[in-house]
Amino acid sequence: MPWFEKKPKFSSLPGAVRPSNVPEGLYEKCPDCYSMIYRKEFEENLHVCPKCHYHARVSARERIVMLVDPGTFQEDNSHLSPVDKLQFEAKKKYSKQIEEGRKKTGQLDAIVSGIGKIHGKTASLAIMDFTFLGGSMGSVVGEKVTRAMERALAERIPVITVTATGGARMMESILSLMQMAKTSALCAELDRAGIPFISVLSDPSTAGVMASFAALGDVIIAEPRCLVGFAGRRVIEQTVREHLPKGFQTAEFVQEHGFVDIVCERRELRGVLARLLNHLWYASPKRKSDGNGRSRAGSERSSKKTQAVEQAVAQ
Amino acid sequence: MAISYYEFEKPVQQAQDKLDKALAKDRQDEKHLREIQKLETELEQARHEIYGNLTPFQRVLIARKPERPHAQDYIKALTTEFQEIHGDRGYADDKAVLCGFAQFRGVSCVVIGQCKGREVKENLKYNFGMMHPEGYRKALRTMKLADKFGLPVLVFIDTPGAYPGVQAEERGQFEAIARNIREMFTFTVPVLCSVIGEGASGGAIGIGVGNVVLMLENAWYSVISPEGCASILWRDAQFAPQAAEALKLTAQDLLELKIVEEIVPEPLGGAHYDPDTAYANLGDAMQRQLTQLLKLSPDELREQRFAKYRAVGEWEENLAEQTKG
Ligand SMILES: [Zn+2]
């Protein structure tokens, strides 16, 4: 699904948009089965509909709260800010859209990254946010995914990405397309260094992001019924002029065809990630023979500019 | 193949028609020869006027001309001893991509080319240049042979996109493209890519990670086709010319953005006006670049490719506005 066709999402988070016809109240409507759900129940259920099990979209910050041990998340590279290099203008100027995304989400772009612990196990995290320009990948998203992987290489810790995206960001054109190459290049580096990469797909995970790093996890996990695919439904329908099969491009469909390892309820995601971090890394004999597993070797990969900025931030 | 004309080329077509008609008359008198000379001058003027100042969308249209030289034509013209190989060893043989071994100006190489046709039967065979997952897997298998046997890889990119179909999705289009991109970063042989027509999105980058990327003067390369972009951002494909402008998809744009290393000039009006010149221009540029790449060690080749793509992107390090907390 292209990012502009988003399903309505009635989030209770501050800063999220709320359609004016829905009162600020005790209930919200499930985006899928339209049942009215007691807001507190919806939140306690991690934004999963208790009636139909629909996994509603969550922001990057909500996701961090759901996944990471309290107080352990340390954000990095939050100063990376998109620029309108191509001076892109359609019906709206890209620069204006960046501004709006910023106001709407309180973030500079569609991703939050950093390190954190999951059941005590440290990982480098890059978590996308669909609320900012449909979670599209431009230079900033690509760079932050890349740096999260570089950090994993430098500190010899696993990396986890959570995608929520309609694909590459059109308004950065070829620069966005090349982020597919950049992030995949780092996946090759992770392979070479033997560092685990777990890719978590949430609704939606499609197009340019799915055809790059998101598909390259050593293990790929998807949330139930989330949209996973390359081409948009509309484009496919126009091309093949036939009705699409039931459940087409859902997590379950993609798993059935062999491209997703685990379809996992949101409530269980944290436990599954912790188990995988253990199997792939923290309990692996290879990692144990790897010294203390914390060497900074390979940190020359991150650019001098980045290091200088990080130092400046630390001071 | 006869030359086709778009609406914007009407003046050229009219001038050409006039000239053709005059030439068809069996006359040798001086008045007639003067008339022919005049018409030839008019045709040249029309060509310079129209083709000397092409808009981005006009270049997109030229890049799509069926009579434009395609990958199979470049491979035929520029290589000898070509031996095609078939199949992805898993599912099928995707004819939208031509893979094989060949000699390019004295160097044994692997060649990969996205093919397009000129008429219905060919178009169906090549699926209009749109590859399925098995095509990307066939290309990867071939490129891995190149890596194994130390052969440079020559890639010819010309696709309106990876095929958006039900079966392509079922067989993992995204996985095939992603894996290709990642694996192309592991190669220790030169990878030299040339965008010869259309370079649309994931379908192009899925075989397009090169140490050097060349681009023909009228080729385009972008994250999405102008029509696709227009139908999303303008909600109307009619705005494709505006989208082509906004997407900065021309060879000149990509050179300035440091995505391609070199623009390969085309004959005035497009490669189809004079294919032999187009072949020679691309062949010479490829040879020049390949000679340089062959001086690098296997590790240097891998590192140079990594460094080129690692550096792509434009952003600000905005310390004032970073998230507090
Ligand atoms: Zn529901």
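Of B:G135, B:Q13, B:L268, which is farthest towards the positive pole of chain B's charge dipole, taken about the Cα centre with +1 and -1 on the beta-carbons of Lys, Arg and Asp, Glu respectively? My answer, from the dipole projection, is B:G135. Distance between the modelled labels on B:E122 and B:E317, one decimal in nanometres: 5.2 nm (7 Å Cα→Cβ projection). For the range B:1-116, dividing the convex hull volume of the Cα atoms by the residue count gives 178 Å³ per residue. If a/c stays under 1.5 just call it rounded; otherwise compare a/b with b/c (prolate if a/b is bigger, oblate if not). Do that for the range B:216-325, with a ≥ b ≥ c from the square roots of the Cα gyration tensor eigenvalues. Oblate, since a/c reaches 1.5 and b/c is not below a/b.
Here the protein assembly as shown is treated with +1 on each Lys and Arg Cβ and -1 on each Asp and Glu Cβ, and its dipole about the Cα centre works out to around 1640 debye.
Rg over Rh for the range A:126-195 works out to 0.99, both radii taken from alpha-carbon positions and Rh defined as the Kirkwood radius.
Contact order for chain B, expressed relative to its length and based on alpha carbon pairs under 8 Å spaced 6+ residues apart, stands at 15 percent.
Protein heavy-atom accessible surface, 1.4 Å probe, per residue over chain B: 42 Å². Compactness ratio for the range A:179-284: Cα radius of gyration over 2.2 N^0.38 Å (N = residue count) comes to 1.17. Neighbouring Cβ atoms from other chains, within 10 Å of the Cβ of residues in A:76-87, number 5 on average. The contact between chain B and chain A removes approximately 5700 Å² from the accessible area (both sides summed; 1.4 Å probe; ligands, DNA and RNA excluded). Could you work out the relative contact order of the range B:70-208? I mean the mean sequence separation of Cα pairs under 8 Å and 6+ apart, divided by the number of residues, in percent. Once normalised by length, the contact order is 24 percent. Ordering B:F128, A:F42 by accessible surface, largest first, gives B:F128, A:F42; the 1.4 Å probe counts only protein heavy atoms, with every chain in place. Of the residues in the range A:167-185, those shielded by at least 20 Å² of accessible area once partner protein chains are present, compared with the chain alone at a 1.4 Å probe, are A:M170, A:S173, A:I174, A:L175, A:L177, A:M178, A:M180, A:A181, A:K182, A:S184, A:A185.
Rounded to the nearest 20, the Cβ-based charge dipole of chain B about its Cα centre (Lys and Arg +1, Asp and Glu -1) stands at 740 debye.
Partner shielding of B:222-232 amounts to 5, given as the average count of beta-carbon atoms from other chains within 10 Å of each residue beta-carbon. Label separation (A:K246 vs B:W234): 4.1 nm, computed from points 7 Å beyond Cα along the C-beta direction. Across the range B:9-53, the volume of the C-alpha convex hull divided among the residues equals 44 Å³ per residue.
Shown is the FRET efficiency for A:K29 and A:R234, computed with R0 = 35 Å from the Cβ-Cβ distance and rounded to the nearest 0.05: 0.90.
Legend: calculated FRET efficiency, B:N53 to A:R192, from the Cβ-Cβ distance at R0 = 51 Å, rounded to 0.05, equals 0.60. Of all beta bridges that DSSP places with both ends in the range B:60-310, some 40 percent have antiparallel geometry. Loop-located chymotrypsin sites (Phe, Trp or Tyr not before Pro) in the range A:88-153 (DSSP state not H, G, I, E or B) with no more than 15 neighbouring Cβ atoms inside 10 Å do not occur. Its convex hull of Cα atoms gives the range B:249-288 a direction-averaged projected area, equal to a quarter of the hull surface, of 3.0 nm². Among the GluC sites (Glu not before Pro) within the range B:265-324, those in coil by DSSP and having at most 16 neighbouring Cβ atoms inside 10 Å are B:E314, B:E321. In this simple spin-label approximation, B:D276 and A:E44 carry label points 7 Å from Cα along the Cα→Cβ vector, and these lie 8.3 nm apart.
Each DSSP beta bridge with both residues in the protein assembly as shown is either parallel or antiparallel, and the antiparallel ones are about 45%. Counting only Cβ charges, +1 for Lys and Arg and -1 for Asp and Glu, the dipole size of the range B:1-117 around its Cα centre is about 120 debye.
Within the range A:238-280, name every residue whose backbone N is under 14 Å away from a label modeled 7 Å from Cα of B:Y91 along the Cβ vector. Taking a point 7 Å out along Cα→Cβ of B:Y91, the residues of the range A:238-280 whose backbone N falls under 14 Å are A:249, A:254-260.
Once Rg and the Kirkwood radius are both taken over the C-alpha atoms of the protein assembly as shown, their ratio Rg/Rh works out to 1.01. Legend: calculated FRET efficiency, B:D20 to A:D261, from the Cβ-Cβ distance at R0 = 60 Å, rounded to 0.05, equals 0.40. The orientation-averaged projection of the convex hull spanning the C-alpha atoms of the range B:60-310 amounts to 12.9 square nanometres. Put simply, when B:291-298, B:52-59, B:180-187, B:199-206 are sorted by average Cβ atoms within 10 angstrom per residue, most first, you get B:199-206, B:180-187, B:52-59, B:291-298.
The values are calculated or read from the model by the stated rules, or taken from the named source; none is laboratory data. Treat the numbers as computed from the prediction; the structure is a model and nothing was measured. Using ideal geometry, Cβ is built from the backbone for each residue, glycine included, and neighbour counts are taken over all protein chains shown. Heads up: the accessible areas ignore ligands, DNA and RNA and are worked out on the full protein's heavy atoms, side chains in. Shrake-Rupley method; radii C 1.70, N 1.55, O 1.52, S 1.80 Å.
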